[in-house]
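*Asks:* Quick one: the structure is below, questions incoming.
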């Protein structure tokens, strides 16, 4: 047996049915944006930008560094590609309204992978950002499964929430999971391999035997649910700075500190309180949350008198100075990751 | 010797300098969009859409099916990725204002490839669509060189020019080269290989020995110059339908015919007149123009009394009926290409 993205039980491959037939299976699944003025089918789409501006971001998922096909079904690939891009729009205080997708897959993938991917994209839009839809894209052939998404957001006349607005005295708060996705990735490498290599059947056995906490960790890694609606809520509550925690809390908190010309002082006890269940895992630690992991939580600074909106929980304060403090001491631990370093 | 995108003469590779240093070399080269409200550096950019709408399209270039690194310098890769995306915006009758780029390259590529790519992107913006700039993107690592661009256009209050508006009596006209890019690709496969494989030194020898016409054909393939400004001119002149000829004139003309519910009647003598020098190549033929090639010309229909703007030249008429006629006979030749078919 060799499944993952390959044909199963005599199913056809993409090369057996061709591009047009594969797209005919997938395109009707994709939801339309509420901002659609002209949808897919011409050389380009036209999308409404009622306040005369649009927010735009792009992020990719590439087989190897970003995901393994043995652990990532086409459906969860589509879901995660949408979810991570929506998080960057939310982090500007904007409402995500549309995405454009460039997808490349091998010709010997099963014919249904595009439709499976489309289901994941649809579900992520419907569940995380209702009204957001897919308004175009491109399908290509590559030996490396690749997804490049571009996402668009609507600020509804508000100023974007940048990284650079945090002021001494502000409260630092976070919405979303901390450390769960990293724990999920560790679980995959520890218990979803066969002869040291990622394996979909080993993952199925892991899921069957996993505790509730472990299942939550696997879902945080494979089916992330960033708190998209909290982005707009933060903006309305007066957030002075915000970003999407995708490279570890320490690196992302340092980015706000540097851009704002302030220090961020975090408290590990409050990070633990904010971690939402992840801290029940034996392997969870504040150090792991600081050092890395694709949490896609929203990290924001709020004026001292602001009521924290949505799922935001305070984890520290903005102070005069520079850099990152944890429990009063300058942070000197590891910082995030670089795809071009081992 | 093994160059192409590899380090030359002891140069460092991307893995030797890391992502931040590579981006520091490349980002300052990229031009800013005239519509920039917030540029790269935060979770997302903000771009002006003065008429409350934006046009968006996405297209990819993937090593293997779309280009070979032995024939495509990082600079021409950047140029072509921009140029082909701008053509899709122009084909809507819009002015291109910005692009977002997702780039993936192998870690063992030379450290300067991103800066070289950025120079090609910059030059394509400056020369083909002044005012257009790069407003963000993503850098990732992949064993397959991949570029996914998303381009944005401004309609300045006009309706987009769709594929579906052609009416019987309209003049069919084209702006841009026809057949040159296809001739360039044939030249590469005929005379820029070593032991049957693409080879950069064989390409250098081909360039040194090539005639003026052959150099023009190579440039049309590797450094395409779609007539971007003619997109807006066509819209202002009342174009009823338009698209970018990227999959062969026959397939793209058939798309206008089908979307508009009409027949397109082309004349081979006028296609030859419109081909702009390509017909001087012995291998050029109307059949090749119809069957394929990445011309990135603009194909449009105009009302019978319209003065053809910019570089547009008439090649036929819109008639009642359906499908494509060439010299009065239904076209039955080959139609474009499908990346998932051999």
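The values are calculated or read from the model by the stated rules, or taken from the named source; none is laboratory data. Bear in mind that the values here come from a model prediction, so they are computed numbers and not experimental data. Virtual Cβ from ideal backbone geometry, glycine too; neighbours counted across all protein chains shown.
*Asks:* For residues in region B:260-283 being buried (at least 21 other Cβ atoms within 10 Å of the Cβ), touching a strand residue (DSSP E or B) at 6+ places or on another chain (Cβ under 7 Å) and in a helix (DSSP H, G or I), which is modelled with the lowest pLDDT?
*Replies:* B:274
*Asks:* Determine which single condition residue B:314 fails, assuming it passes every other condition in (1) over 17 Å from residue B:173 (Cβ atoms); (2) surrounded by fewer than 17 Cβ atoms within 10 Å (Cβ to Cβ).
*Replies:* (1)
*Asks:* Identify, by number, the condition in (1) touching a residue at least 60 places away in the same chain (Cβ under 8 Å); (2) more than 19 Å from the chain's Cα centre (by Cα); (3) within 11 Å of chain A (Cβ to nearest Cβ) that residue B:138 doesn't meet.
*Replies:* So the condition that residue B:138 fails would be (1).
*Asks:* Step by step: first the residues of region B:169-180, then only those that are out of contact with any helix residue (DSSP H, G or I) (no Cβ under 8 Å at 6 or more places or on another chain) and part of a loop (DSSP other than H, G, I, E, B), then the one that is farthest from the other protein chains (Cβ to nearest Cβ). Which residue is that?
*Replies:* B:169
*Asks:* Just need a number here: residues in region A:10-39 that are closer than 17 Å to residue A:120 by Cα, more than 9 Å from chain B (Cβ to nearest Cβ) and touching a residue at least 12 places away in the same chain (Cβ under 8 Å). Reasoning before the result, please.
*Replies:* If we filter region A:10-39 for residues that are closer than 17 Å to residue A:120 by Cα, which is where we start, we get A:22-33.
The next check asks that each one be more than 9 Å from chain B (Cβ to nearest Cβ); those that pass are A:23-33.
Those left that are additionally touching a residue at least 12 places away in the same chain (Cβ under 8 Å): A:23, A:25-27, A:29-33.
Adding up the residues that qualify gives 9.
*Asks:* What number of residues within region B:37-48 are out of contact with any helix residue (DSSP H, G or I) (no Cβ under 9 Å at 6 or more places or on another chain), closer than 24 Å to residue A:84 by Cβ and at pLDDT 95 or above?
*Replies:* Step one: filter region B:37-48 for residues out of contact with any helix residue (DSSP H, G or I) (no Cβ under 9 Å at 6 or more places or on another chain), giving B:37-39, B:45-48.
Retained after the next criterion (residues that are closer than 24 Å to residue A:84 by Cβ): B:37-39, B:45-47.
With at pLDDT 95 or above added as a condition, the list becomes B:37-38, B:45-47.
Residues that pass the stated criteria total 5.
*Asks:* In the set B:123, B:138, B:156, which member is outside any helix (DSSP H, G or I) and in contact with a helix residue (DSSP H, G or I) (Cβ under 9 Å, 6 or more places away or on another chain)? I'd like the intermediate steps shown before the answer.
*Replies:* On the way: B:123 fails: outside any helix (DSSP H, G or I); B:138 fails: in contact with a helix residue (DSSP H, G or I) (Cβ under 9 Å, 6 or more places away or on another chain).
Residue meeting the stated conditions: B:156.
*Asks:* Could you list, in sequence order, all residues of region A:63-77 that are more than 14 Å from chain B (Cβ to nearest Cβ) and without any contact (Cβ under 8 Å) to a residue 60 or more places away in the chain?
*Replies:* A:73, A:75
*Asks:* Suppose we filter A:111, A:104 for residues that are within 25 Å of residue A:42 (Cα to Cα), facing chain B (nearest Cβ under 10 Å), more than 16 Å from the chain's Cα centre (by Cα) and surrounded by fewer than 24 Cβ atoms within 10 Å (Cβ to Cβ); which single one remains?
*Replies:* Numbers: A:104 fails: surrounded by fewer than 24 Cβ atoms within 10 Å (Cβ to Cβ).
Answer to the selection: A:111.
*Asks:* Could you please let me know if residue B:180 is surrounded by 24 or more Cβ atoms within 10 Å (Cβ to Cβ) and modelled with pLDDT under 95?
*Replies:* Numbers: surrounded by 24 or more Cβ atoms within 10 Å (Cβ to Cβ): yes; modelled with pLDDT under 95: yes.
Taking the combined requirement at face value, the residue satisfies it.
*Asks:* Here is a follow-up. Return a yes/no flag: does region B:70-86 have any residue that is more than 23 Å from the chain's Cα centre (by Cα) and either within 30 Å of residue A:243 (Cβ to Cβ) or crowded, with 24+ Cβ neighbours inside 10 Å (or both). Break it down stepwise before answering.
*Replies:* Within region B:70-86, the subset more than 23 Å from the chain's Cα centre (by Cα) is none.
No: region B:70-86 contains no residue that is more than 23 Å from the chain's Cα centre (by Cα) and either within 30 Å of residue A:243 (Cβ to Cβ) or crowded, with 24+ Cβ neighbours inside 10 Å (or both).
*Asks:* Only one of (1) at the interface with chain A (Cβ under 9 Å from one of its Cβ atoms); (2) in contact with a helix residue (DSSP H, G or I) (Cβ under 7 Å, 6 or more places away or on another chain); (3) in contact (Cβ under 8 Å) with a residue 40 or more places away in the chain is not met by residue B:60, so which one is it?
*Replies:* The failed condition is (2).
*Asks:* Please go through region B:32-59 and give me each residue that is buried (at least 21 other Cβ atoms within 10 Å of the Cβ) and more than 24 Å from residue A:37 (Cβ to Cβ), ordered by number. If you could, list the steps in order and put the result at the bottom.
*Replies:* Our first condition is that a residue be buried (at least 21 other Cβ atoms within 10 Å of the Cβ); within region B:32-59, this holds for B:33, B:35, B:42-47, B:49, B:53-59.
Answer for region B:32-59, where residues must be buried (at least 21 other Cβ atoms within 10 Å of the Cβ) and more than 24 Å from residue A:37 (Cβ to Cβ): B:42, B:43.
*Asks:* Please indicate, with yes or no, whether at least one residue in region A:286-308 is assigned to a helix (DSSP H, G or I) and more than 19 Å from the chain's Cα centre (by Cα). Talk me through it step by step, then tell me what you get.
*Replies:* Filtering region A:286-308 down to residues assigned to a helix (DSSP H, G or I) leaves A:286-291.
Still in the list and also more than 19 Å from the chain's Cα centre (by Cα): A:286-287.
Within region A:286-308, one or more residues are assigned to a helix (DSSP H, G or I) and more than 19 Å from the chain's Cα centre (by Cα).
*Asks:* From (1) crowded, with 24+ Cβ neighbours inside 10 Å; (2) assigned to a strand (DSSP E or B), pick out the condition that doesn't hold for residue B:166.
*Replies:* Here residue B:166 clears every test but (2).
For every residue, the table says whether it meets (1) at pLDDT 95 or above; (2) within 25 Å of residue B:227 (Cβ to Cβ); (3) within 14 Å of chain A (Cβ to nearest Cβ).
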| position | (1), (2), (3) |
| --- | --- |
| B:147 | yes, yes, yes |
| B:150 | yes, yes, yes |
| B:156 | yes, yes, yes |
| B:161 | yes, yes, yes |
| B:185 | no, yes, no |
| B:192 | yes, no, no |
| B:196 | no, no, no |
| B:202 | yes, no, no |
| B:205 | yes, no, no |
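*Asks:* Go through region B:211-241 and count every residue that is in contact (Cβ under 8 Å) with a residue 12 or more places away in the chain and either assigned to a helix (DSSP H, G or I) or surrounded by fewer than 21 Cβ atoms within 10 Å (Cβ to Cβ) (or both). First the steps, then the outcome.
*Replies:* Pass one, region B:211-241, residues in contact (Cβ under 8 Å) with a residue 12 or more places away in the chain: B:213-214, B:216-241.
Add one more test, that the residue is either assigned to a helix (DSSP H, G or I) or surrounded by fewer than 21 Cβ atoms within 10 Å (Cβ to Cβ) (or both), and what stays is B:213-214, B:216-223, B:225, B:229-238.
The total comes to 21.
*Asks:* Still on this structure, I have one more. Considering only region B:138-161, state which residues are under 29 Å from residue A:141 (Cα atoms) and buried (at least 24 other Cβ atoms within 10 Å of the Cβ).
*Replies:* Initially, region B:138-161 is screened for residues under 29 Å from residue A:141 (Cα atoms), giving B:138-153.
B:142, B:145, B:146, B:147, B:148, B:149, B:150, B:151, B:152, B:153, listed by residue number.
*Asks:* Is it the case, given these coordinates, that residue A:324 is modelled with pLDDT of 95 or more, closer than 19 Å to residue A:260 by Cα and within 14 Å of chain B (Cβ to nearest Cβ)? It would help to see each step written out before you state the result.
*Replies:* Working: modelled with pLDDT of 95 or more: yes; closer than 19 Å to residue A:260 by Cα: yes; within 14 Å of chain B (Cβ to nearest Cβ): no.
No; evaluated as a whole, the condition is false for this residue.
*Asks:* Something else: Only one of B:257, B:250 is in a helix (DSSP H, G or I), away from chain A (no Cβ under 13 Å), in contact with a helix residue (DSSP H, G or I) (Cβ under 8 Å, 6 or more places away or on another chain) and touching a residue at least 40 places away in the same chain (Cβ under 8 Å); which?
*Replies:* On the way: B:257 fails: in contact with a helix residue (DSSP H, G or I) (Cβ under 8 Å, 6 or more places away or on another chain).
Just a single option satisfies the conditions, and that option is B:250.
*Asks:* Can you find a residue that is under 28 Å from residue A:50 (Cα atoms) and either surrounded by fewer than 24 Cβ atoms within 10 Å (Cβ to Cβ) or within 14 Å of another protein chain (Cβ to nearest Cβ) (or both) anywhere in region A:114-121? Working first, answer last.
*Replies:* Here is the first cut: in region A:114-121, the ones under 28 Å from residue A:50 (Cα atoms) are A:118, A:121.
This time we only want the ones that are either surrounded by fewer than 24 Cβ atoms within 10 Å (Cβ to Cβ) or within 14 Å of another protein chain (Cβ to nearest Cβ) (or both), so: none.
Scanning region A:114-121 turns up no residue that is under 28 Å from residue A:50 (Cα atoms) and either surrounded by fewer than 24 Cβ atoms within 10 Å (Cβ to Cβ) or within 14 Å of another protein chain (Cβ to nearest Cβ) (or both).
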